[in-house]
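Student: Here it is, the structure, as structure tokens.
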Amino acid sequence: MIPERWLTFAVLVGLLAVALGALVMDRPFTITLATRATILALAAVGLNIALGQGGLVSFGHAAFFGIGGYAMGILAHHAQTFTPLELGPLTITGTKSMPVIWLTAVVASALAALLIGLLALRTSGVYFIMITLAFGQMFFYFAISWSAYGGEDGLSIYVRNDFPGLNTLDPIQFFGLCFTLLCLVLLFAGRLMRSPFGLALNAARQAPERVETVGLDPMRLRLLAFVLSGAVTGLAGALFADLNRFVSPAMFSWQLSGELIVLVILGGVARLIGPVVGAIAFVTLEHVLGDVTEFWLIWLGVALLLVVLFARGGIVGLVARRGHG
Amino acid sequence: MKTLLSAAAAAALLAAPAMAEVKVGMITTLSGGGAGLGLDVRDGFLLAIAQSGRDDIEVVIEDDQQKPDIAVQIADEMIQSERVDVMTGIIWSNLAMAVVPAAVNQGVFYLSPNAGPSQLAGPGCHENYFNVAWQNDNLHEAAGAWANETGYTNSFILAPNYPAGQDALTGYKRFYEGELAGELYTQLGQTDYAAEIAQIRASGADSVFFFLPGGMGISFLKQYADSGVEIPVIGPAFSFDQGILQAVGDAALGVVNTSQWSKDIDNPTNAAFVESFEAEYGRLPSLYASQGFDTANLLLSALEVAEPSDADAFREALRAAEFDSTRGDFAFGPNHHPIQDIYAREVIREGDVFTNRIVGVALEDHADAYADECSM
Amino acid sequence: MAEPLLATRGLTKSFGAVTASEDVSIDLRPGEIHAVIGPNGAGKSTLIRQICGGLTPDRGTVTLLGRDVTRMGTVDRARAGLGRTFQISSLAMEDSVLENAVLGALGAGGTPWRFWRPALASADLCARAEEALEKVGLADHRHTRCGDLSHGQRRQLEVAVALTLRPKVFVMDEPMAGLGAEGSARMTRFLDGLRAEAPILLVEHDMDAVFALADRISVLVYGRIIATGPQEEIRASRAVREAYLGEAS
Amino acid sequence: MSAILIIEQVLNGLQFGVMLFLMAAGLTLIFGVMGLINLAHGSLYMIGAFAAAAVAGATGSFLLALAAAMAAAAAAGALVELTVIRRLYAADHLDQVLATFALILIFSEGTRWIFGSFPLYLDVPAALSGPVTLPGGIDYPRYRLALIGAGLAVAVGLWALTQHTRIGIRIRAGENDREMIAALGVDIGRLYTLVFALGAALAGLAGALVGAIQSVQVGMGEPVLILAFVVIVIGGIGSIKGAFIGALLVGLTDTLGGIFLPEFFKLFMEPGAATQTGASLASMAIYILMGLVLIWRPTGLFGARA
């Protein structure tokens, strides 16, 4: 068993090394895979704030992922077709600038999380799982029938969006951008976990009555956690859309919500690096098993069952002890 | 799922494939609910490559799981790592929209064996993009034309509420000249059509046009047959194709559907195709198999003339479409979409097997409605 | 006689046909320990939940430091100065002893809305938590994971968390529950000293502790207070003996 | 819009509702007794439909097909309960969601492995095919009427089972207090396996019954599963009565919403846009219903109050 902090460091260095190695060996697709893992990791780190720290089993996080994706899709679509975006009295021109898109994605998904959270947090347990699922489905069906932005077909963005000073079409530069964001968010999530807010949130998961009796409102703690969580997952959605240069209602699907939970659990719930490990393992499995058999999902299912039944702490739980302070 | 397959190996099951000179990337759906279509396209394509006897064509096949993000990821892999010259295989319009624009912009040729979204036929057309199947609206337009010819004057039309469904109804209305008894959008993936059938019954229509691909069509047809509503039905070939007809069963008998291909189109290429496909795979070929087969033959015909590395010459060779299509006459319009006859077929039973028989030509030398918007 | 810091007037609560509290009036004066005793099912938990929030009475009022708090939630009552311990320890078992105490300090200090600096790096939060741990004698275990504490230590920590709030009033639900004789004795001594800081409404089964600590005792039977008064009075009360102490004649 | 059409649509909603009830009853029973969320319930529905299609294809008998569907689903259910589910009773909901999500992957891809990717054929039995004319001159498919009848019969049967039989009493006792029932000397493990198999058999039956008028294919279970979850959440998880009411509510909302919402929008929009807007809103209608119910009663209509 090694300390968690070392593992976090090792995993991030490993991910970076894979991408740089692929650059040296001229295997751009490996960089693309590493980028995919990085972005999924970011989405899962977001989910882990609600799931791991807040104990909120959200089965509808695809809603935020999709909102982030569509924030990118819609802004870039208007920019590439040179049509302004009419929002009631407001007219906005589209944009291909990543920072602006990210900000929009974060704000939009945070707002959605606030609304969903206000309603969903009235329930708990299975009801919470199901109501978040229902909200996800609402977004899914809405996106499918929203013909202005492609409906089921989705939106294609022909060229990746811009970031000042970078050529984002170059796989390694785009990877670098995503990787930096992941590190920043991990730093934030790590601080959050040990901050007064994180302490109270974690206590609210373990002993909500206790938190109430010291004069803290668990609902408000959970709501904020849900909003932060949605915002991070939304940011990941915008990046994912940029990786694929494409958004579609599939980003809202309940299977995606399920897969995000899978990433968190596979890696290790409520562990800072858990979701990252889970995402790397998932992408690797998908790629390696997918080459071996057409029916690779069976083996993913089996792997998942084994983790749930026999390795409660996920992969991180197997190799690292929980760090304190 | 990834198969590295040289044509020679596929044909003769020989070991050591020769040095491949042309690399083809096929992204298609091989797992999940839509896998039947992808399998047929793949099998038709590989059959043609094998029959050509060429051993210098390498086909890289990957499964997109019918997910756009997976398709894009595979496309990146094929272009960046495998460095394919030509891509093909995508079944679904939304996946095509995700993959094709970026791929052709990177200089790869894309030959579509199935999906034909209007954007790629109109403003988004591209010199490296060729559609060998149809523009999405074509079969629906033919259904509208056939309805006129049959003398229908009051149609009830329905399709799922998503872009392809909206295009289908638009396509039908573009050619159909009668009145509409009703127009309905159903949910994508809907499995129960009792409510819609009740509305059809109450509408007083003289014909029903529907576009409900995959399992939706199976459900609709079974329930429609069981409802006792006797109004004749017309639809595009997708719900009457070889792959799913057996699951629909008696419910489909006698239904007229429109298709650019049928197994009884009378030409030697088609007869040979049907026979060899059945011999090779032990099942009757479908529409999709014929499209895969034609796509491969188009590619082969162009390779006779030029290498993909000589892009301009290769493109000209593709545009000429000098190959024997299973459909008989085949030519490309100015936007690289087919100009072809579209037939009306009727579902029949041959022994234990349900299949189709041509009853007439719905549209002759039909091109699509978007060619004018394409500035190539 | 001083104003009561905590008082209920005519609290009544029914669940369907069962009346769990009926016209309960009880008060807690500065510096006293007021014990509430009664057989199982007498409605003690229901009473506590109405006093601490979490359950709204059908009728009657709860006043805390002179304010009517009947409609207030648990959180606001805690902020108004009510410190509570649970019958079954309610602690963040994965966290350390110090973190649990800091949680109380956080609540008392007002703001958990800080996201960057670690909670344990805050000097005033820690000082307040340490002070409470010191008082209950858990300072040496500050870094022990709460789940690894013994049962008795958890009871002590329960009290410590409540202490960090520096409440004006304590409500304690069976603090002796599950403690051995020695543990009970130690807790009894501790609570005895605590009454100087704030009065305690003590719901307790352990009669030795009750008689050692209580200035006054109320007896709750079938949701009703059948007697309230100093120890001697209760001991002498015939009604109590019949209803509760099992000395039916 | 004529009265006949409306009545027919109500019948359709009812039929959809009772089929959802077959799914929801199993889910809610399993949750009520064992406290387990079973995402793989849709897979059992699919197994029922595939077994029915295979047996109907081989024997030509619809009754045998139904029996096979229930047997196959019950067997699969019991097998899964004994090997996997059993270990999840003590686990939290998160683990249950995850493990049963994994089971979906295994069942779906496994079925595709065995049966291939093409849909299978399963038809309505000859005796029940075609329409029947109801009083009032309504032509209605005989088979759908039979479905309504079958669904109601199962509902009554379940009610009788839980209220009046020894096993039902044990089930209800198990819902209330697991330790007590164990203390009474009932083999709780066997009871759980039995309940799980019963729920699975109901799902299999629903799959076979519905498979005859829809397409039997891989992935057919998940949309129904999600609807069934909506049903039990609306009804209150663990309550069979709630599942019944919830199923009818969802069935009627979905069916009637699809009809009336486009008509409603036509009142003030042009027809094309109204049809689309109405259809979009109709597809979200049941989720909106669920949201509203949960906001009003956070534990559903008949759920235990927290």
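Student: From the residues in the stretch C:3-21 that are within 21 Å of the chain's Cα centre (by Cα) and in a loop (DSSP other than H, G, I, E, B), which one is surrounded by the most Cβ atoms within 10 Å (Cβ to Cβ)?
Tutor: Taking the stretch C:3-21 as the starting set, the residues that turn out to be within 21 Å of the chain's Cα centre (by Cα) are C:3-13, C:20-21.
Going one step further and asking which of them are in a loop (DSSP other than H, G, I, E, B), we end up with C:3-5.
Values: C:Glu3: 11, C:Pro4: 20, C:Leu5: 22.
So, considering only residues that are within 21 Å of the chain's Cα centre (by Cα) and in a loop (DSSP other than H, G, I, E, B), the one surrounded by the most Cβ atoms within 10 Å (Cβ to Cβ) is C:Leu5.
Student: Listed residues D:Ile85, D:Ile104, D:Ile7, D:Ile47; which is within 30 Å of D:Ile138 (Cβ to Cβ) and touching a residue at least 60 places away in the same chain (Cβ under 8 Å)? Lay out the reasoning, then the answer.
Tutor: On the way: D:Ile85 fails: within 30 Å of D:Ile138 (Cβ to Cβ); D:Ile104 fails: within 30 Å of D:Ile138 (Cβ to Cβ); D:Ile47 fails: within 30 Å of D:Ile138 (Cβ to Cβ).
It is D:Ile7.
Student: Is it the case that C:Gly193 is in a loop (DSSP other than H, G, I, E, B), surrounded by fewer than 17 Cβ atoms within 10 Å (Cβ to Cβ) and assigned by TED's automatic domain parsing to the domain that holds C:Ala7? Before you say what the answer is, go through the steps one by one.
Tutor: Numbers: in a loop (DSSP other than H, G, I, E, B): no; surrounded by fewer than 17 Cβ atoms within 10 Å (Cβ to Cβ): yes; assigned by TED's automatic domain parsing to the domain that holds C:Ala7: yes.
Against the criterion (in a loop (DSSP other than H, G, I, E, B), surrounded by fewer than 17 Cβ atoms within 10 Å (Cβ to Cβ) and assigned by TED's automatic domain parsing to the domain that holds C:Ala7), C:Gly193 does not qualify.
Student: For residues that are surrounded by fewer than 18 Cβ atoms within 10 Å (Cβ to Cβ) and among the acidic types (Asp, Glu), scanning just the stretch C:68-114, find the one that is farthest from C:Lys13 (Cα to Cα).
Tutor: It comes out as C:Glu94.
Student: How many of the residues in the stretch D:257-291 are within 11 Å of chain A (Cβ to nearest Cβ) and among the hydrophobic types (A, V, I, L, M, F, W, C)?
Tutor: 10
Student: Kindly provide the set of residues from the stretch B:210-252 that are under 22 Å from the mean Cα position of the chain (by Cα) and outside any helix (DSSP H, G or I), ordered by number.
Tutor: B:Phe210, B:Phe211, B:Leu212, B:Pro213, B:Gly214, B:Val233, B:Ile234, B:Gly235, B:Pro236, B:Asp241
Student: Does the stretch D:162-172 include one or more residues that are buried (at least 18 other Cβ atoms within 10 Å of the Cβ) and modelled with pLDDT of 90 or more?
Tutor: No, every residue in the stretch D:162-172 fails to be buried (at least 18 other Cβ atoms within 10 Å of the Cβ) and modelled with pLDDT of 90 or more.
Student: Quick one: in the stretch D:109-130, which of the residues that are of a type in the set (Gly, Ala, Ser) and surrounded by fewer than 17 Cβ atoms within 10 Å (Cβ to Cβ) is farthest from B:Ala225 (Cα to Cα)? So that I can check it myself, show each step before the final result.
Tutor: First, pick out the residues of the stretch D:109-130 that are of a type in the set (Gly, Ala, Ser): D:110, D:116-117, D:126-127, D:129-130.
Still in the running and surrounded by fewer than 17 Cβ atoms within 10 Å (Cβ to Cβ): D:116, D:126-127, D:130.
Numbers: D:Gly116: 26, D:Ala126: 12, D:Ala127: 14, D:Gly130: 8 Å.
That would be D:Gly116.
Student: May I pose another question? Restricting attention to the stretch C:61-85, report how many residues are in a loop (DSSP other than H, G, I, E, B) and among the charged types (D, E, K, R).
Tutor: Here the count works out to 1.
Student: Going through A:Phe140, A:Phe128 one at a time, which residue ends up being crowded, with 22+ Cβ neighbours inside 10 Å, under 25 Å from B:Pro163 (Cα atoms) and aromatic (Phe, Trp, Tyr)? First the steps, then the outcome.
Tutor: Numbers: A:Phe128 fails: under 25 Å from B:Pro163 (Cα atoms).
Result of the check over A:Phe140, A:Phe128: A:Phe140.
Student: Something else: Collect the residues in the stretch C:107-162 that are facing chain A (nearest Cβ under 10 Å) and part of a loop (DSSP other than H, G, I, E, B), keeping them in residue-number order. Lay out the reasoning, then the answer.
Tutor: So the first thing to find is which residues in the stretch C:107-162 are facing chain A (nearest Cβ under 10 Å), and the list is C:107-122, C:125, C:143, C:145-147, C:158, C:161-162.
Answer for the stretch C:107-162, where residues must be facing chain A (nearest Cβ under 10 Å) and part of a loop (DSSP other than H, G, I, E, B): C:Gly110, C:Thr111, C:Pro112, C:Trp113, C:Arg114, C:Phe115, C:Trp116, C:Arg117, C:Pro118, C:Ser122, C:His143.
Student: Within the stretch B:98-119, how many residues turn out to be touching a strand residue (DSSP E or B) at 6+ places or on another chain (Cβ under 6 Å) and farther than 22 Å from B:Glu82 by Cβ?
Tutor: Matching residues across the stretch B:98-119 total 1.
Student: Being in contact with a Ser or Thr (Cβ under 6 Å, 6 or more places away or on another chain) and outside any strand (DSSP E or B) is the filter; apply it to the stretch C:22-50 and report the residue that is farthest from C:Val219 (Cα to Cα).
Tutor: C:Thr46
Student: Please note which helices (runs of 4 or more DSSP H) are completely contained in the stretch A:259-325 and include at least 3 residues that are away from chain D (no Cβ under 13 Å). Even if it seems obvious, please write down each step before you answer.
Tutor: Values: elements: A:274-292, A:296-310, A:314-319.
Where helices (runs of 4 or more DSSP H) fall fully within the stretch A:259-325 and carry at least 3 residues being away from chain D (no Cβ under 13 Å), they are A:274-292, A:314-319.
Student: Determine the pairs where a residue that is in a loop (DSSP other than H, G, I, E, B), located within the stretch A:84-96, has a partner that is charged (D, E, K, R) with Cβ atoms under 7 Å apart, the partner being 6 or more residues away or on another chain.
Tutor: Every condition considered, the pairs that remain are A:Lys96/A:Asp162.
Student: So which residues in the stretch A:1-42 are aromatic (Phe, Trp, Tyr) and within 14 Å of chain B (Cβ to nearest Cβ)?
Tutor: Filtering the stretch A:1-42 down to residues aromatic (Phe, Trp, Tyr) leaves A:6, A:9, A:29.
The one that is aromatic (Phe, Trp, Tyr) and within 14 Å of chain B (Cβ to nearest Cβ): A:Phe29.
Student: Within the stretch A:150-168, track down each residue that is more than 10 Å from chain B (Cβ to nearest Cβ) and either surrounded by fewer than 22 Cβ atoms within 10 Å (Cβ to Cβ) or modelled with pLDDT under 85 (or both).
Tutor: A:Asp162, A:Phe163, A:Pro164, A:Gly165, A:Leu166, A:Asn167, A:Thr168
Student: What are the residues in the stretch D:1-42 that are of a type in the set (A, V, I, L, M, F, W, C) and assigned to a loop (DSSP other than H, G, I, E, B), if any?
Tutor: D:Met1, D:Leu36, D:Ile37, D:Leu39, D:Ala40
The values are calculated or read from the model by the stated rules, or taken from the named source; none is laboratory data. Fair warning: this is a prediction, and the values are worked out from it, not measured in the lab. FYI the Cβ positions are ideal-geometry reconstructions off the backbone, even for glycines, and counts take in every protein chain you see.
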